[in-house]
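Undergrad: Pasting a structure here, questions to come.
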Amino acid sequence: MHHRHARPVCHAVLAVALCLPVLGGCALISQKTFNRHAGDPPRLPLAPPPPVPGMDRPALVTIVAGTPDSQWRPAVRAAVVDALARKPNALFTIVVNVPDRADGTPGDMSGVVTASGRPVLQAVMDAGAGSDQAEMDARTISSGSATQVCIYVE
């Protein structure tokens with residue numbers, strides 16, 4: 001009886017010994033088998049760039065270039081005083097929108113900023129905003145539009 005049971009055990013040991021080298025070359029199945037990025041640390045998206053002032057909200061005040069001071073100064077003063085009453089550390093961004101020339105080239109930005117933007121910047125500071133609470137920017141807009149000075153508040 002002992003002889004009968006020894007034979008299947010020998011066959012099993014022999015089969016394992018023959019299959020072991022073949023199985024040694026096989027890779028185990030894991031999550032990486034189906035998804036090579038499994039287990040990798042998450043990749044967080046980069047922070048979006050800060051929004052350009054005025055692109056996501058309406059202007060506090062918009063002034064068309066050439067409008068007399070007596071018409072826009074009271075509106076600017078009232079808007080700045082109201083904004084500072086709500087948020088004492090508010091930041092005012094004065095954006096001068098300069099239209100392109102008819103041929104598509106940018107207009108005279110420095111001249112327009114000096115002529116139209118500086119008086120508005122001064123009016124904002126005269127209304128109570130500190131020099132660190134007011135900044136000025138300029139950008140071009142499509143031709144056919146009038147030069148505008150927009151005041152945005154954050």
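The values are calculated or read from the model by the stated rules, or taken from the named source; none is laboratory data. The structure displayed is predicted, hence computed values, not measured ones. Cβ: placed from backbone, ideal geometry, glycine included. Neighbour counts: every protein chain shown. Side chains included, ligands, DNA and RNA excluded: accessible areas come from the protein's heavy atoms. Shrake-Rupley method; radii C 1.70, N 1.55, O 1.52, S 1.80 Å.
Undergrad: Output the residues belonging to the range 2-39 that are at pLDDT 65 or above, open to solvent by less than 100 Å² (accessible area, probe 1.4 Å) and not in a helix (DSSP H, G or I).
TA: 26, 27, 30, 35, 37, 38, 39
Undergrad: Which of the residues that make up the range 88-101 are open to solvent by 40 Å² or more (accessible area, probe 1.4 Å) and either without any contact (Cβ under 8 Å) to a residue 40 or more places away in the chain or under 18 Å from residue 118 (Cα atoms) (or both)?
TA: Across the range 88-101, the qualifying residues are 88, 91.
A quick yes/no check of all residues on (1) of a type outside the set (S, T, N, Q); (2) under 24 Å from the mean Cα position of the chain (by Cα):
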site	(1), (2)
92	yes, yes
100	yes, no
118	yes, no
131	no, no
137	yes, yes
140	no, yes
148	no, no
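Undergrad: For the list (1) surrounded by fewer than 18 Cβ atoms within 10 Å (Cβ to Cβ); (2) in contact (Cβ under 8 Å) with a residue 12 or more places away in the chain; (3) under 16 Å from residue 64 (Cα atoms), I need the number of the one condition that residue 114 fails.
TA: The one condition residue 114 does not meet is (2).
Undergrad: Moving on to the next point. For the range 120-154, give me the residue count where each residue is open to solvent by 40 Å² or more (accessible area, probe 1.4 Å) and not small (Gly, Ala, Ser).
TA: 13
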